[in-house]
Amino acid sequence: MTEPAHFTQINAAKLTPQAIDTFLRALPESDYINQQYDAVSELSKPTRITVLLSTERSGSTFASEWLYQRSGIVMHEYFQPFDYLPITATRWAASDGNRVHIDTYLRQLSNNRCSPQGHLAVNIHGSHLPLWRLALTQWQDVPIHYVHLRRQNTIAQAISLEIASQSGAWSSDFAAQQTEPEYRFEALVDRCNRLFLERLKLEGFCQSQQITPQQVWFETMVSAPDEVLMDAFGVAESELRAPQPNRLKRQRSPLNAQWEQRFLNDLEQLDTTRLGSVFNQPHISEQLTLWQRGLRKLRRIVK
């Protein structure tokens, strides 16, 4: 008898009841990964899929919130191997405690998270791509629309990521730590570099699959969410729910602006050739060149 295929990238330690309970207790009740957002559709496969390709702090939480509030579709990081996939795989009986079976997981994902019309929305980061590639082997006959969400100001994105990482406030639903985040120039340089590398992963995937994703800019999305996201996710006006008060609060604060100005000042004052040790990957020499050209180019580092 052939053994069911499984996700080999999942660490068995993430599938223990203790690990899952620890992570669930750290999440706000409103997080869309929680069981209250499961809605049995009796579907074994989506009829269509929208994939949001994104990096951390690029606006995917904003897009997920809009999608649920305005259409009822629950988008999440269903192929994030560290916490979210182990949580759902265990709850949906797709895990035997050591491994996650691909067929069962995909069937239960479709059953619990598709809209009544069979629309599934998935948020994919670069680190999720190995698992997503496996899912694609099972969904070859399902129409998939890819949307690439990006931010024009990478420095602001890196600052947002660093502050969230230090404070633990990944959205306004999370309780922030009492200690104020500490500014470190080198940490922000590293964040910019990592965001660039994550973008390279997403672009490399698209090239390998011969995909031309729809481009959505964060700045445009937040200024006209209905127009931009209806188009991106293929939501018809007749499908829209009535607008709801914004549950999530915008997190940009005076601290973000202060850090951005300080970072730009530090960049101008430092010998940028010293940043070469941070960009030590040989395939991103172009990235280092952009940094060395100075402030204006840096603002458009991932354009």
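Every residue, every condition in (1) in contact with a Leu (Cβ under 7 Å, 6 or more places away or on another chain); (2) hydroxyl-bearing (S, T, Y), yes or no:
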| residue | (1), (2) |
| --- | --- |
| F7 | yes, no |
| K14 | no, no |
| P17 | no, no |
| P46 | yes, no |
| S54 | yes, yes |
| G59 | yes, no |
| Q69 | no, no |
| I73 | yes, no |
| H76 | no, no |
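Among the residues here, N11 does not qualify as over 21 Å from R133 (Cβ atoms) and either out of contact with any Ser or Thr (no Cβ under 9 Å at 6 or more places or on another chain) or open to solvent by less than 80 Å² (accessible area, probe 1.4 Å) (or both).
Suppose we filter E77, E56 for residues that are closer than 24 Å to L195 by Cα and modelled with pLDDT under 95; which single one remains? Sole residue among the options that is closer than 24 Å to L195 by Cα and modelled with pLDDT under 95: E56. Do you know which residues across segment 142-159 are modelled with pLDDT under 95 and surrounded by fewer than 18 Cβ atoms within 10 Å (Cβ to Cβ)? The answer is Q152, N153.
The set of residues in segment 7-19 that are within 20 Å of the chain's Cα centre (by Cα) and not in a loop (DSSP other than H, G, I, E, B) contains only K14. Whenever a residue of segment 25-42 is within 15 Å of Q69 (Cα to Cα), its partners that are at pLDDT 95 or above and part of a loop (DSSP other than H, G, I, E, B), lying with C-beta atoms within less than 6 angstrom and at least six residues away or across chains, give the pairs Y32/V74; Y37/V74. Every condition in (1) out of contact with any Phe, Trp or Tyr (no Cβ under 6 Å at 6 or more places or on another chain); (2) open to solvent by 10 Å² or more (accessible area, probe 1.4 Å) holds for Q108 except the one numbered (1).
Being under 17 Å from E42 (Cα atoms) and open to solvent by less than 10 Å² (accessible area, probe 1.4 Å), is that true of even one residue in segment 90-102? Write out each step before concluding.
Filtering segment 90-102 down to residues under 17 Å from E42 (Cα atoms) leaves 91-94.
Subset that is open to solvent by less than 10 Å² (accessible area, probe 1.4 Å): 94.
Yes: segment 90-102 contains one or more residues that are under 17 Å from E42 (Cα atoms) and open to solvent by less than 10 Å² (accessible area, probe 1.4 Å).
The values are calculated or read from the model by the stated rules, or taken from the named source; none is laboratory data. Quick caveat: nothing in here was measured; it's all calculated off a predicted structure. All Cβ positions, glycine included, derive from the backbone under ideal geometry; neighbour counts span all protein chains shown. We work out accessible area using only protein heavy atoms, side chains counted, and drop any ligands, DNA or RNA first. Shrake-Rupley method; radii C 1.70, N 1.55, O 1.52, S 1.80 Å.
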